[in-house]
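What follows is one structure encoded as structure tokens, with my remarks underneath.
The values are calculated or read from the model by the stated rules, or taken from the named source; none is laboratory data. Here the structure is a predicted model, which is why all the values come from computation and not from measurement. Cβ placement follows ideal geometry from the backbone for every residue including glycine, while neighbour counts extend to all protein chains displayed. Surface accessibility is based on the protein's heavy atoms, side chains included, excluding ligands, DNA and RNA. Shrake-Rupley method; radii C 1.70, N 1.55, O 1.52, S 1.80 Å.
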Amino acid sequence: MKNSQYRVIGIMSGTSLDGVDVVYVTLSVTQGKWTFEIEQGQTVPYTEVWRKKLKTAITLNKEELDILDEQYTVYLAEVITAFIQEHALESVDFVCSHGHTVLHRPDLGYTVQIGNLSILADLIQHKVVCDFRVQDVLLGGQGAPLVPIGDRLLFGAYDACLNLGGFANVSYENKLNYRIAYDLCPVNVLLNEQAQRCGLLYDDEGKLARQGTISYPLLEALNGLDYYGKTPPKSLGVEFVSSHIQPLLAMYPLSPQDYLATFVEHIAQQITQGIQLPEQAKILVTGGGAFNSYLMERIQHHAIAYQFDIPSSLLVNYKEALIFALLGVLKVRDEVNTLASVTGAQYDHSAGVIYDIFDPVW
């Protein structure tokens, strides 16, 4: 018999490399209707050493990547254990962890998230549900985005959900009532790098971008990238930035402020062009970019027909970790947690791997 309530930990590490998001949530279901409560939420910032390791992971060979995978799994175990102890959590049904994406090439048939080794369950002494993307790619899907099932089940009152993390992605029901979702463009993976050139982890409220001047030649080159003309399902990874955007930056050397101003305009335009909804659509906005007031101003300037709703900072920061907790719960219940209409896989399925303290179950 399936439970009606679960108290679980959700773990998420995004491409913006700001840190590991950890939430302790209660998820309840009554007659097919899901509700949630975020009991505790915390972001554990990456040290400069870890930030560098994760940023350069794309350059590693298989042996080096395997070593990093083990190191990162141990690191996640330390983060989870400290979180449980700090908040004196006595009731944890299981832990749901996304891991950290270091390689994402669904077009070549693979995606790699580190931190999803079976030793994680033994190290934290709790059942673990993890590695949510690989199965979808094996079924011909993009392995992303995975959050839309949570958008449907937890945030169905909105016409769409927009996440402004390392990359921007959007999720909504189309006219046939199929959930569709896709990555729109890079966001904080670009913005944070330029802020760090100024000695800051991120551009607080977009203050640096507001000081800059838009480079229209660079803006035109960015907007002309092939990805933006593709139809969903489609997804982005850090490879897109290194292979398509970094060469453009080399052609247009600018100050960090001018890069930021140009990137913000690019992001705002791509989000506006990429979302196709009726006027007055109500859109939930989460992710770190929601705190960038200049970015939100430019998005609203271009997408004047839409209503953007920024919720509490708790939900802005931890929505993805919350939804990966839900994905884990759905996996344990053997229910669909990945939508083929979103990823392009052969069929809806229940993705992920379950590790008991001693025995892995696929």
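Can you give me the accessible area per residue for the stretch 111-167, using a 1.4 Å probe, in Å²? Walk me through the numbers on the way to the answer.
Numbers: 1670 Å² over 57 residues.
Heavy-atom SASA per residue in the stretch 111-167 reads 29 Å².
Report relative contact order for the chain in percent, whole number only (criteria: Cα-Cα under 8 Å, sequence separation at least 6).
Value for the chain: 21 percent.
With r as the distance between the Cβ atoms of residue 105 and residue 138 and R0 = 22 Å, compute the FRET efficiency 1/(1 + (r/R0)^6) and round to 0.05.
Calculated transfer efficiency: 0.95.
Helix-only estimate, please: 222 nm mean residue ellipticity of the chain, summing -39500 (n - 2.57) across DSSP H runs of length 4 or more and dividing by its residues, to the nearest 500.
That calculation yields -11000 deg cm²/dmol at 222 nm.
Amide H to amide H, which residues 5 or more places from residue 99 or on other chains are under 5 Å from it, using H placed in the peptide plane?
13
List every DSSP H helix in the chain whose Cα atoms extend 20 Å or more along the helix's own long axis and whose mean Kyte-Doolittle hydropathy is at least 1.0. Numbers along the way, then the final one.
On the way: long enough: 62-86 (35 Å, 0.01); 256-274 (26 Å, -0.29); 313-332 (29 Å, 1.45).
Length and hydropathy pass: 313-332.
Using unit Cβ charges (K, R positive; D, E negative) and no other charged atoms, how large, in debye to the nearest 20, is the dipole of the chain about its Cα centre?
Charge dipole, the chain, about its Cα centre: 580 debye, nearest 20.
What does the charge dipole of the stretch 170-263 about its Cα centre add up to, to the nearest 20 debye, if the Cβ of each Lys and Arg holds +1 and the Cβ of each Asp and Glu holds -1?
220 debye
Pulled fully out, how much extra length does the chain show between residue 282 and residue 2, if you take 0.36 nm times their separation in residues and subtract their Cα-Cα distance?
Once the chain is fully extended between residue 282 and residue 2, it gains 97.4 nm.
How long are the semi-axes of the ellipsoid equivalent to the stretch 1-120, from square roots of 5 times the Cα gyration tensor eigenvalues, in whole Å, largest first?
That gives 29, 18, 13 Å for the three semi-axes.
Give, as a single signed number, the net charge of other residues whose beta carbon lies under 12 Å from the beta carbon of residue 89, with Lys and Arg counted +1 and Asp and Glu -1.
Here the count lands on -3.
Considering only C-alpha atoms, what is the centroid distance from the stretch 31-79 to the stretch 144-159, in Å?
23 Å
Exactly which trypsin sites (Lys or Arg not before Pro) in the stretch 156-244 are in a DSSP loop and have at most 15 other Cβ atoms within 10 Å?
Values: sites: 175, 179, 197, 207, 210, 230, 234; in loops: 175, 230, 234.
Sparse-neighbourhood loop trypsin sites (Lys or Arg not before Pro): 175, 230.
5 Å is the cut-off here: which amide hydrogens, built 1.01 Å from N in the peptide plane, fall below it relative to residue 350, excluding neighbours closer than 5 in sequence?
Distant-sequence amide H within range of residue 350: 337.
Please list, ordered by chain and number, the residues whose modelled amide H lies under 5 Å from the amide H of residue 187; skip anything fewer than 5 residues away on the same chain.
Answer set, sorted by chain and number: 167, 168.
Quick check on the stretch 98-158: what are the equivalent-ellipsoid semi-axes from the Cα gyration tensor, as sqrt(5λ), descending, whole Å? Can you show the working numbers first?
Working: eigenvalues 100, 76, 15 Å².
Its equivalent ellipsoid spans semi-axes of 22, 19, 9 Å.
Ignoring ligands, DNA and RNA, what percent of the accessible area of the stretch 186-246 is carbon or sulfur (1.4 Å)?
Its accessible area is 51 percent carbon and sulfur atoms.
In whole Hz, what ³J(HN,Hα) sequence does the stretch 334-339 give by Karplus (6.51, -1.76, 1.60; θ = phi - 60°), x for Gly and Pro?
Those phi angles translate into 6, 10, 4, 10, 9, 9 Hz.
Would you kindly derive the ³J(HN,Hα) couplings of the stretch 20-33 from the backbone phi angles with the Karplus curve 6.51 cos²θ - 1.76 cosθ + 1.60 (θ = phi - 60°), listing them in order in whole Hz, with x for Gly and Pro?
Whole-Hz 3J(HN,Hα) from phi for the stretch 20-33: 9, 8, 10, 10, 10, 10, 10, 10, 10, 9, 9, 6, x, 9.
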